[in-house]
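Please find one structure pasted underneath; my questions will follow.
What follows is calculated from the coordinates using simple rules that are stated; it is not laboratory data. The model shown is predicted, which means the values in this text are computed figures rather than measured ones. Note that we place each Cβ from the backbone using ideal geometry, even for glycine, and neighbour counts take in every protein chain shown.
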Amino acid sequence: MHGIDMAVSKRFPLPPGAGYGHPNPWASAIRPMLLHDLFAGQANKTPDAPLVEFMGRTFSYGGLHAEARRFAAGLAARGIARGDRVGLFLPNVPSYVTAYYGAMMAGAVVVNFSPLYSVEELSAQVVDSGTRLLVTLDAPALLPTATQVLDASPLEQLVVVRLADELPRLKSLGLRLLKRSQIAKLPTRDDVGLWRDWLSDADAERPDLAPSDLALLQYTGGTTGTPKGAMLTHANLSSNAQQIDLIDPFDRAEKDVILGALPLFHVFANTCVLNRTVVRGGAIVMLPRFEAKQVLAAIGRMKPNGLPGVPTMFQALMDHPDFATTDWKSLRICISGGAPLPGPLCEKFEKATGVRLVEGYGLTESSGVVSANPYIGPRKVGTIGQPIPATQVLLLDKEDPTALAPDGEPGELAIRGPQVMRGYWNRPESQGTAFAEINAEAWLRTGDVATIDEDGFVTIVDRLKDMIAVGGFKVFPSQVEEVLLENPAIKEVLVIGVPDAYKGEVPRAYVTLADGAGEDGEALKAWLNARVGKHERVDSVVVRPALPKTMIGKLDRKALRAEVL
């Protein structure tokens, strides 16, 4: 079977006359629209309904929408115009929602940055994206980094959210008085301002935007390990949110509460937690970051219906002492993505909680989601499920991406659908490798080798990419290698992913030393891990007399991986 179109006929009755040969049998059910209009529509419909519950404080649709409008007006008053890039360097806080939609209301393109980034990583992506303004938090792990980037890049302005302003009154007072070490001091300078001072009541003229306009630059990586900004349009993001809502079989009359412990800067949570919840008119129990104890307490306190996460999160929940006493009855579904879900973990979690844990699949380039296992009814553990509505998949020949894979053989998974990105920011040369043309239509290449069975369930069997999946985060070996090569003791280096029972994979470095160098692996590991993001830290640095090379003298990652694994 070369390919399949929305192979979910057993879950959804296909429209009259539609079949696997029709490219988008569900396209009529999906309305591409401006993402902030989607938000406005729900805010106008249910202004008093809760959208975010954060640390005991509730924020309504109407309240957050009003704040987003005020931020948009503040941006416009200070010259941020259509197409300008506004960066978000934030953990999960309510102001993320208003900064995200507010920037889009002003016509700006949002750029998500991980709070785990080092100064070098953040600076590189600020420069590449042309970000003019950065919204961050007054946290010691964020504000100093953002300030250094302000001085080392073309970035023009920092807008700082105070965590105390996001909290309930008593917690806010406690943070200000008792936990001052958790607050970074705001620099006194003209290019650093407070969030609240950027909220304007002025009437700002709205730019004339179309769903085909860019909404988000979401950085990802390719087979070379070079981060690239996936250009996601309003249509891409709004469509994917609606596609995810369409596969939800639960009663629309029931409350919809999702536990948001996944980081919103990541495309998985951005689509599945934030935008999808707005489409549904639901609420998000927002946590600033994942901590097993906090998640278990929130489940008991707020009774959410859904919990998206990466496999390591579900393992961490089971490992916590409070897991056994947590009441899981409110949960209808748990969704795993970001990394392969081990079958034993799935079985153990479901047996302990009574809640179905389904695996899905997606890419940054697809706005988040391509396929998912059914929430109810037959499913196939170990697969990434079936394509979501209006999505097509097929298999390309592994050696020749201009041709289909031979019948019955695995091939490189390729996809089409309204959620597929426009392309990569400032990298026109990458278009030829990112997409394959089949029958005069462009298909996004995933870099993953897969099979498709007769029921349309897709199984990933191998990866063409060198990226390492660490607990849902992608690590690029070349970036870790570049840091190691800054050490004068290092002559050569290769980084590969090795299996890890908790994180799925972790990076491991193999090095040769420069003449006269005597450093050992432990010293090099400590040196490296102090200079990279938490998710990029290696489990060891292995010193070797030589590393494998190809016949023409290039370091051979494939041979090393085969030898080690």
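Bin by bin, in steps of 20 Å, what percent of the Cα pairs in the range 35-357 do you find, going until the bin that has the longest distance?
32, 60, 9
In addition: If you place +1 on the Cβ of every Lys and Arg and -1 on the Cβ of every Asp and Glu, how big does the dipole about the Cα centre of the range 320-451 come out, in debye to the nearest 20? Don't jump to the answer; show the numbers that get you there.
Details: 12 positive and 16 negative charges, 138 e Å.
In total the dipole reaches around 660 debye.
Oh, and also: Amide H neighbours of I490 under 5 Å, at least 5 residues apart or on other chains, H built in the peptide plane: list them.
A514
Order 244-256, 284-296 from most to least packed using the mean count of other Cβ atoms within 10 Å. Before the final figure, lay out the partial values.
Values: 244-256: 15.1, 284-296: 19.3.
Ranked by mean Cβ neighbours within 10 Å, highest first: 284-296, 244-256.
Compute the distance in nm between two label points, each set 7 Å from the Cα along the Cα-to-Cβ direction, one at T58 and one at E429.
About 5.5 nm, to one decimal.
At 0.36 nm per residue, and after removing the present C-alpha to C-alpha distance, how many nm does the segment from S212 to D327 gain when stretched out fully? Kindly include the intermediate steps, with their values, before the conclusion.
Details: separation 115, 0.36 × 115 = 41.40 nm, distance 4.40 nm.
Using 0.36 nm per residue and subtracting the Cα-Cα distance, I get 37.0 nm.
For the chain, what relative contact order do you get, as a whole percent, if you take Cα pairs closer than 8 Å and at least 6 residues apart?
Details: 1242 pairs, mean separation 76.0, N = 565.
Across the chain, relative contact order equals 13 percent.
In whole Hz, what ³J(HN,Hα) sequence does the range 424-439 give by Karplus (6.51, -1.76, 1.60; θ = phi - 60°), x for Gly and Pro?
9, 5, 6, 9, x, 5, 7, 4, x, 9, 6, 10, 10, 9, 10, 6
A further question on this structure: Calculated FRET efficiency, R180 and K293, Cβ-Cβ r, R0 22 Å, to nearest 0.05? Let's see the in-between values first.
Values: r = 24 Å, r/R0 = 1.08.
Working from the Cβ atoms, E equals 0.40.
As a test of the formula, what do you get for the chain when each DSSP H run with n ≥ 4 contributes -39,500 (n - 2.57) and the sum is divided by the residue count, at 222 nm and rounded to the nearest 500 deg cm²/dmol? Don't skip to the answer; put the middle values down first.
Values: 15 runs with 149 residues, N = 565.
-7500 deg cm²/dmol, from helical runs alone.
What fraction of the DSSP beta bridges in the range 253-344 is antiparallel, stated in percent and rounded to the nearest 5?
If we restrict to bridges inside the range 253-344, about 0 percent are antiparallel.
Give the long-range amide H neighbours of V109: residues separated by 5 or more places, or on another chain, with amide H under 5 Å away, using H modelled in the peptide plane at 1.01 Å from N.
G83, D84, R85, V86
Turning to a different aspect of this structure: Check the straight Cα-Cα distances from K293 and name the aspartates and glutamates below 18 Å, setting aside those fewer than 8 residues away within the same chain.
Result set, ordered by chain and number: E53, D319, D322, D327.
Okay, moving on. Which order do the peptides 125-136, 193-204, 514-525 take when ranked by the mean count of other beta-carbon atoms within 10 Å per residue, highest first?
Values: 125-136: 22.5, 193-204: 14.9, 514-525: 13.2.
Descending packing order for the listed peptides: 125-136, 193-204, 514-525.
State the three equivalent ellipsoid semi-axes of the range 474-525, derived from the C-alpha gyration tensor as the square roots of 5 times its eigenvalues, in descending order and whole Å. Could the numbers behind the result be given before it?
Working: eigenvalues 103, 29, 12 Å².
Semi-axis lengths for the range 474-525 are 23, 12, 8 Å.
N44 versus A253, label points 7 Å from Cα toward the beta carbon: distance in nm?
According to this spin-label approximation, the distance is 2.7 nm.
Name the residue farthest towards the positive end of the dipole of the chain from the options V160, A546, T391, assuming +1 on Cβ of Lys and Arg, -1 on Cβ of Asp and Glu, about the Cα centre.
Comparing the listed Cα positions along the dipole, V160 ranks first.
Now a separate question. Can you give the extra length, in nm with one decimal, that the chain gains between A202 and E409 once fully stretched, where that is 0.36 nm per residue apart less the Cα-Cα distance?
Details: separation 207, 0.36 × 207 = 74.52 nm, distance 6.10 nm.
Taking A202 through E409 to full extension adds about 68.4 nm, to one decimal.
How do 436-444, 66-74, 229-237, 452-460 rank on mean C-beta neighbours within 10 Å, highest first? Display every interim value, and only then the final one.
Values: 436-444: 14.7, 66-74: 22.8, 229-237: 25.2, 452-460: 18.0.
The densest-packed peptide leads the list: 229-237, 66-74, 452-460, 436-444.
Please give the direction-averaged projected area of the C-alpha convex hull for the range 339-497, in square nanometres with one decimal. Mind showing how you got there, number by number?
On the way: hull surface 50.2 nm².
Mean projected area for the range 339-497: 12.5 nm², to one decimal.
Provide the per-residue ³J(HN,Hα) series for the range 240-249, in order, calculated from phi with Karplus coefficients 6.51, -1.76, 1.60 and θ = phi - 60°, each as a whole number of Hz, with x at glycine and proline positions.
So the J values, rounded to whole Hz, are 5, 4, 6, 4, 5, 5, 5, 7, 7, x.
Separate question: Counting only residues 5 or more places away or on other chains, whose amide H sits under 5 Å from the amide H of A215 once H atoms are built in the peptide plane?
L232, T233, H234
Based on the Cβ-Cβ distance from R531 to D455, what FRET efficiency comes out when R0 is 51 Å, to the nearest 0.05? Provide the component values of the computation, followed by the final result.
On the way: r = 48 Å, r/R0 = 0.93.
Efficiency computed from Cβ-Cβ geometry: 0.60.
Please give me, ordered by residue number, the GluC sites (Glu not before Pro) of the range 116-184 that lie in loop per DSSP and have at most 16 other Cβ atoms within 10 Å.
E156
Tabulate in residue order the Karplus-calculated ³J(HN,Hα) for the range 344-358, using 6.51 cos²θ - 1.76 cosθ + 1.60 with θ = phi - 60°, rounded to whole Hz; enter x for Gly and Pro.
Computed from phi, the couplings for the range 344-358 are x, 5, 4, 4, 5, 5, 5, 5, 6, 10, x, 10, 6, 10, 10 Hz.
Rounded to a whole number of µm²/s, how large is the Stokes-Einstein D of the range 292-349 at 4 °C and 1.567 mPa s, given Rh as the Kirkwood radius over C-alpha pairs?
Numbers: Rh = 11.7 Å.
D, rounded to a whole number, is 111 µm²/s.
Moving on. Can you tell me the dipole magnitude for the chain around its Cα centre, using point charges on the Cβ only (Lys, Arg +1; Asp, Glu -1), in Debye to the nearest 20? Don't skip to the answer; put the middle values down first.
On the way: 58 positive and 64 negative charges, 330 e Å.
Taking the Cα centre of the chain as origin, the dipole is about 1580 debye.
What is the ratio of the Cα radius of gyration of the range 468-564 to 2.2 N^0.38 Å, where N is its residue count, to two decimals?
Working: Rg = 12.9 Å, N = 97, 2.2 N^0.38 = 12.5 Å.
Cα-based Rg divided by the globular estimate yields 1.03.
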